[in-house]
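Only one structure is covered here, and it is reproduced in the block below.
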Amino acid sequence: MKPYKNKINRIRSFALSLIFIGVIVMYIGLFFRKYEIIMLLFMILGVFAILASVVVYAWIGTLSTRAVQIVCPNCGKQTKMLGRVDMCGHCREPLTLDPSLEGKEFDETYNRPAGKKE
Ligand SMILES: [Zn+2]
């Protein structure tokens, strides 16, 4: 298995795992009902993990608008690319920006919704 994933997908799964961690931590806290301070500590930790995931999700939203939408040359599907080098979200094909697109990275035509692009 390749150690790399599409950046946006990777951040998204990180945010998702934060929610799970938060829920699990709060669940563990329920086992310490007799010790209120410990339970409270677990609850606060859980809430922090969930809040962090909300922040990460908001961050993904910001990143997505800056990501370049391209058609993967390998599988032909549309994928969002972040930065100069990224991986296809469908087939994990390593992608790099075409040198001819140099300097046009933030052209707003790349931010149009999927399906509008020819
Ligand atoms: Zn692909």
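Quick notes
- In this rough spin-label picture, where each label sits 7 Å from Cα along the Cβ direction, the Asn74-Arg33 distance is 5.1 nm.
- Summarising the amide proton neighbourhood of Met81: residues at separation of 5 or more, or on other chains, whose placed amide H is nearer than 5 Å comprise Val68, Gln69, Ile70.
- Cα-centred dipole magnitude for the stretch 47-99, charges only on beta-carbon of K, R (+1) and D, E (-1), debye, nearest 20: 60
- Computed label-point distance, nm, for sites Leu45 and Val85 using a 7 Å Cα→Cβ extension: 3.8
- Length available on full extension from Val23 to Arg66: 0.36 nm per residue minus the Cα-Cα distance, which gives 12.4 nm.
Every read-out reported here was derived from the displayed coordinates using simple, explicitly stated rules and does not represent laboratory data. In this text the structure is predicted, and so the values were computed from the model without any measurement. Cβ sites come from the backbone with ideal geometry, for glycine too, and all protein chains shown count toward neighbours.
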